[in-house]
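Chemist: I have a structure I would like to understand better, so I am pasting it below and will then ask my questions one at a time.
What follows is calculated from the coordinates using simple rules that are stated; it is not laboratory data. Just so it is clear, the model here is predicted, and its values are computed rather than measured. Note: ideal-geometry Cβ built from the backbone for every residue, glycine included; neighbour counts use all protein chains shown.
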Amino acid sequence: MILYFSATGNSEFLAKSLGDELGDEVVDLFSYIKEGRTGVFESTSPFVLVCPTYSWRVPLFLSNYLLTCDFMGSRDFYVVMDYGDSFGNAYEYIKDDLDNLGLNFKGLYGLKMPENYVMLFDLDSPEVNKKIIEASKEDLGKVASYIKDREDFPKKKVGFVGKFQSGVINPIFFKFIAKDKKFYATNKCISCGLCEKVCVLNNITYKEGRPVWNGKCTHCAACISKCPVSAIEYGKKTQGKDPYLLSKILEN
Ligand SMILES: Cc1cc2nc3c(=O)[nH]c(=O)nc-3n(C[C@H](O)[C@H](O)[C@H](O)COP(=O)(O)O)c2cc1C
Ligand code: SF4
Ligand code: SF4
């Protein structure tokens, strides 16, 4: 069973491609988390989590959610984590969580995908992103064959920098940087309600037809990337930039 969370489409694309390759069921965790439903998952094939990297680890809200779930049937659990630049020492932290759940961690595969963090970084051009998506297919083939053979993913060596990123910067990031005070909707907003629907943490409500961010944000970028009229900005950082959405890259 393949479980995934995706804000801007990368992990969804990988999870569904993997599902096709393995002939396995694919489950989107979005509505489970948004609606506060406990996940009870049963599978005879290994569990595979596909998710983005947030601050060199599995997103905090997602690893916290996994700890509340029941996993029945298979004990084997693979993690495929897509990243824009690097994934640090994520392995050790998700291993601890899966050990606590009594699962048999089969390793973490870091898979390069387009960067989506428009609130902090300049993003690559659509042409470059298209090439990155194309190149991911080779990695996906490797991931599928490890899983088919029930082999562990190879473990990567992590140096001082990776350990520092995941161990020291990650908690600082979630405490001080992943904040929503700088989000606002411009006059382009057509009050369609989509940003509220796509927020996995239910952080967006409405006041006089305009979105309001309520202080419980993980910076996933779904709201800013999925607004149909590009009405959402994050301070000055996003002005004049196109947010990333995989479906937009694939349709051109
Ligand atoms: C809040 C946030 C933190 C991120 N942190 C990292 C990171 O530590 N390392 C990295 O390489 N990419 C990082 N990224 C990029 C995403 O992991 C990457 O673009 C991912 O493929 C997006 O997946 P999605 O489209 O399924 O949401 C981050 C993105 C966001 C929004
Ligand atoms: S998705 Fe965009 S247009 Fe729709 S309500 Fe939110 S900000 Fe306004
Ligand atoms: S408010 Fe924060 S958590 Fe919600 S969709 Fe926007 S970036 Fe993601």
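Chemist: Can you give the calculated 222 nm mean residue ellipticity of the chain, where each DSSP H run of n ≥ 4 adds -39,500 (n - 2.57) and the sum is split over every residue, rounded to the nearest 500 deg cm²/dmol?
Modeler: -9000 deg cm²/dmol
Chemist: State to the nearest 20 debye the size of the charge dipole of the range 1-82 about its Cα centre, where the only charges are +1 on K and R beta carbons and -1 on D and E beta carbons.
Modeler: That gives a dipole near 340 debye.
Chemist: Turning to a different aspect of this structure: With +1 assigned to the C-beta of every Lys and Arg and -1 to the C-beta of every Asp and Glu, and no other charges, what is the dipole magnitude of the chain about the Cα centre in debye, to the nearest 20?
Modeler: So the dipole magnitude of the chain works out to roughly 980 debye.
Chemist: Which GluC sites (Glu not before Pro) in the range 135-219 sit in a loop by DSSP (not H, G, I, E or B) and have at most 10 other Cβ atoms within 10 Å of their own Cβ?
Modeler: When the GluC sites (Glu not before Pro) of the range 135-219 are filtered for loop state and at most 10 Cβ neighbours within 10 Å, GLU208 remain.
Chemist: Let me ask something else about it. Grab the beta carbon distance between ILE132 and VAL168, set R0 = 45 Å, and tell me the FRET efficiency rounded to 0.05.
Modeler: After rounding to 0.05, the efficiency reads 0.95.
Chemist: Classify the range 1-105 as rounded, prolate or oblate from the Cα gyration tensor: take a ≥ b ≥ c as the square roots of its eigenvalues, call it rounded if a/c is under 1.5, otherwise prolate when a/b beats b/c and oblate if not.
Modeler: rounded
Chemist: To continue, here is another question. Summing +1 for each Lys or Arg and -1 for each Asp or Glu, what net charge is found among the other residues whose Cβ lies under 10 Å from the Cβ of LEU3?
Modeler: -2
Chemist: Also, I was wondering about something else. What angle do you read, to the nearest 10 degrees and between 0 and 90, between the alpha-carbon axis of helix 90-100 and the longest principal axis of the chain?
Modeler: Taking the Cα atoms of the chain, the angle to 90-100 is about 70 degrees.
Chemist: Could you go through the range 107-119 in sequence order and give the Karplus-derived ³J(HN,Hα) for each residue, using 6.51 cos²θ - 1.76 cosθ + 1.60 with θ = phi - 60°, rounded to whole Hz, and x for Gly and Pro?
Modeler: Karplus values, whole Hz, x for Gly and Pro: x, 10, 10, x, 10, 5, 9, x, 5, 10, 7, 5, 6.
Chemist: Here's something else I'd like to know. Could you derive backbone 3J(HN,Hα) for the range 214-230 from the dihedral phi with the Karplus parameters 6.51, -1.76 and 1.60 (θ = phi - 60°), listing whole Hz in sequence and x where the residue is Gly or Pro?
Modeler: Calculated HN-Hα couplings, in order: 10, x, 10, 10, 10, 6, 5, 6, 5, 4, 5, 7, 9, 4, x, 10, 6 Hz.
Chemist: Would you kindly calculate the translational diffusion coefficient of the chain, applying Stokes-Einstein with the Kirkwood radius from alpha carbon pairs, for 20 °C and a viscosity of 1.002 mPa s, and quote it in µm² s⁻¹ without decimals?
Modeler: Numbers: Rh = 18.8 Å.
After rounding, the answer is 114 µm²/s.
Chemist: Can you classify the range 104-155 as rounded, prolate or oblate using the Cα gyration tensor, where a ≥ b ≥ c are the square roots of its eigenvalues, rounded means a/c under 1.5, and otherwise it's prolate if a/b beats b/c and oblate if not?
Modeler: oblate
Chemist: Further question on the same structure: May I ask for the angle, rounded to the nearest 10°, between helix 126-148 and the longest principal axis of the chain, with both axes built from Cα atoms and the value confined to 0 to 90°?
Modeler: Once rounded, one gets 30 degrees.
Chemist: Assigning unit charges at the beta carbon (Lys, Arg +1; Asp, Glu -1) and nothing else, what dipole magnitude in debye, to the nearest 20, does the range 1-49 show about its Cα centre? Working shown, then result.
Modeler: Values: 3 positive and 8 negative charges, 44 e Å.
Magnitude of the dipole: close to 220 debye.
Chemist: Once you order the gyration tensor axes a ≥ b ≥ c over the Cα atoms, which shape class does the range 155-252 get: rounded for a/c under 1.5, otherwise prolate or oblate by comparing a/b with b/c?
Modeler: Working: a/c = 2.40, a/b = 1.65, b/c = 1.45.
Prolate, because a/c is 1.5 or more and a/b exceeds b/c.
Chemist: With angles folded into 0 to 90 degrees, how steeply does helix 10-22 sit against the dominant principal axis of the chain? Use alpha carbons for both and round to 10.
Modeler: So the helix axis and the longest Cα principal axis differ by about 30 degrees.
Chemist: Positive end of the charge dipole of the range 177-251 (Lys, Arg +1 and Asp, Glu -1 on Cβ, about the Cα centre): tell me which of ALA178, PRO243, CYS227 has its Cα farthest that way.
Modeler: The residue sitting farthest along the positive end of the dipole is ALA178.
Chemist: Ok, one more. Which percent, nearest 5, of DSSP beta bridges in the chain are antiparallel?
Modeler: Working: 8 of 31 bridges.
Beta bridges within the chain, antiparallel portion: roughly 25 percent.
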